[in-house]
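Colleague: Let me begin by handing over the structure; questions about it come next.
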Amino acid sequence: MKLNTKRTMLIGLAFLSICAFWQTYDNIIPLMLQNTFGMRETVTGVLMAMDNVLAVFLLPFFGALSDRTNTRFGRRMPFIAVGTACAVAFYLLIAAADRKGSLALFLIALFGALISMGLYRSPAVALMPDLTPNIYRSRANAIINLMGTVGAVYALVMIRLLSGRTDAATGRTDYFPLFGSVAVLMAAAVAVLALTIHEKKVSAQVNREIAAYKASGAPDADAVQPLDAPGEAADSERKPMAPEVKRSMTFLLLSIFFWFTAYNAVTTAFSRYAVKVWNMQNGGYASCLLVATLAAVAAYVPIGHLSSRLGRKKVIFFGIALLIFCYAVASFVTGFAFWLNVMFAIIGIGWASINVNSYPMVVEMSRGSDIGKFTGTYYTFSMAAQIFTPIFSGFLLEHVSYRTLFPYAVVFSCIAFLTMTQVKHGDVKPEMRKGIENFDTEE
């Protein structure tokens, strides 16, 4: 039994569309707010934080709602299709409002786009574990992350090629061609997904493969759990999560909050830190971030394979340890040197080690019929960290010193390491397979 790479890449098309959207959103919306509508930094920051605030509430809600959905198209695809269609429409309306200079229309379109993205993000991410055997979810998650990177890179290329056009009537940058190019990608990606992946047929096919594998008597056959098809588990039939599993889930979610608190503080403040502390000018800081990103991308698939051999938890510990080491070294650096690129590559590998495995661990502990709910919960904790950390770390940067940035990241990474020691479930390494029934993932 092997991971179906082609099918996983097709499933990843939904995440590709999501990442293309957010890459453009994060880069262009602040420019629109300031250049078209004359908003100051504070108001711009508040509006830019709204996506995280809305996500805290919308992602668990729509994730849980998709768990309880059962249509002939499956439980996730209706949300993905409708959400994408609405997001594309509002997305284009944002560009039209900016071109027209209508603030009211812009804000309506902005919030419509954010709600539309909230509608399908959790179902889109939950589609992978829905259709992937549990022992291959770390490898599959690595492929999903790569597909997301493709979407983000496409958006960056389009920004480079199409964001220099000027509207002759207003003299401002015309972003409609850029938004149109990304909208086409989003629509095309999800159309291909809908045409090639039929949830119920794929789920039944994978379950037949699992049954055949278990019947073969392979050494790890007992570790493979059947997929929970849409509509199979009614609410009244669901068993409560075992107390020991719930405890592990709680500590895992806390760990997610803490390592995002550390990592996001560095990524959001590094450009300013590099200028003020390391005296890096002319955008030189971007090379460090690029090295980290490329290293993470290169590491995704190898880490997925390594995790299947060593176990997800060990690889996460390895990733956290790499981050702690690099953050600690950076705390004592007073100026940029070329060797720091190596350190940022290690940071990228460390983050990939965490990122590839944390979500599959959440899914492993959830019941199959609750994957959407816990996908939303995963994002609730990561988004909450991204709301909290810019404020708290920003306060320290402003009122104490910019030199607090990396020690701050060390502290929260260490806390994440400690909370992970209390996570006893969610792995699929051989020595834990005997107790896999305690993960409560059966139908």
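None of the figures in this text is laboratory data; all of them are computed from the coordinates on show. Note that the structure is predicted; figures quoted are calculated from it, not measured. A quick note on method: Cβ atoms are made from the backbone with ideal geometry, for glycine too, and the neighbour counts reach across all protein chains shown.
Colleague: Taking the Cα centre of the chain as origin, sum charge times position over the Cβ atoms of Lys and Arg (+1) and Asp and Glu (-1), and report the length of that vector in debye to the nearest 20. Kindly include the intermediate steps, with their values, before the conclusion.
Modeller: On the way: 37 positive and 26 negative charges, 95 e Å.
Result for the chain is approximately 460 debye, rounded to the nearest 20.
Colleague: To continue, here is another question. Using a ≥ b ≥ c from the Cα gyration tensor of the range 257-311 (square roots of the eigenvalues), is it rounded, prolate or oblate, where a/c under 1.5 gives rounded and otherwise the larger of a/b and b/c decides, a/b for prolate?
Modeller: Verdict is oblate for the range 257-311.
Colleague: How far apart, in nanometres, would the label points at Arg272 and Lys2 be if each is projected 7 angstrom from Cα along the Cα-to-Cβ direction?
Modeller: In this crude spin-label approximation the distance works out to 5.0 nm.
Colleague: Still on this model: Just the Kirkwood number for the range 361-415, please: inverse of mean 1/r across all distinct Cα pairs, in Å, one decimal.
Modeller: 13.2
Colleague: Between Arg247 and Val192, what FRET efficiency comes out of the Förster formula 1/(1 + (r/R0)^6) with R0 = 30 Å and r the beta carbon distance, rounded to 0.05?
Modeller: For Val192 and Arg247, the calculated efficiency is 0.15.
Colleague: Based on the Kirkwood radius over alpha-carbon pairs, what is the Stokes-Einstein translational diffusion coefficient of the chain at 10 °C with 1.306 mPa s viscosity, in µm²/s?
Modeller: It comes out at roughly 70 µm²/s.
Colleague: In addition: Only Cα pairs under 8 Å and at least 6 apart count here; give the relative contact order of the range 5-207 as a rounded whole percent.
Modeller: For the range 5-207, the relative contact order is 40 percent.
Colleague: For the range 5-207, I need the span (max minus min coordinate) of the C-alpha atoms along each principal axis, in Å, sorted largest to smallest.
Modeller: In descending order, the Cα extents are 58, 32, 27 Å.
Colleague: Then there's this: Over all Cα pairs of the range 240-439, how is the pair count split among 5 Å bins, expressed in % and running from 0 up to the last occupied bin?
Modeller: Calculated P(r), rounded to whole percents: 1, 8, 15, 19, 19, 15, 10, 7, 4, 2, 1, 0.
Colleague: Where Rh denotes the Kirkwood radius from the mean inverse Cα pair distance, what is Rg over Rh for the range 51-143?
Modeller: The Rg/Rh ratio comes out at 1.08.
Colleague: Which three extents, in whole angstrom, do the alpha-carbon atoms of the range 11-109 cover along their principal axes, largest first?
Modeller: Principal axes ranked by extent give 47, 24, 24 Å for the Cα atoms.
Colleague: Next question. Give the shape of the range 90-160 as rounded, prolate or oblate, defined through the alpha-carbon gyration tensor: a ≥ b ≥ c are the square roots of its eigenvalues, a/c under 1.5 means rounded, and otherwise the shape is prolate if a/b is larger than b/c and oblate if not.
Modeller: oblate
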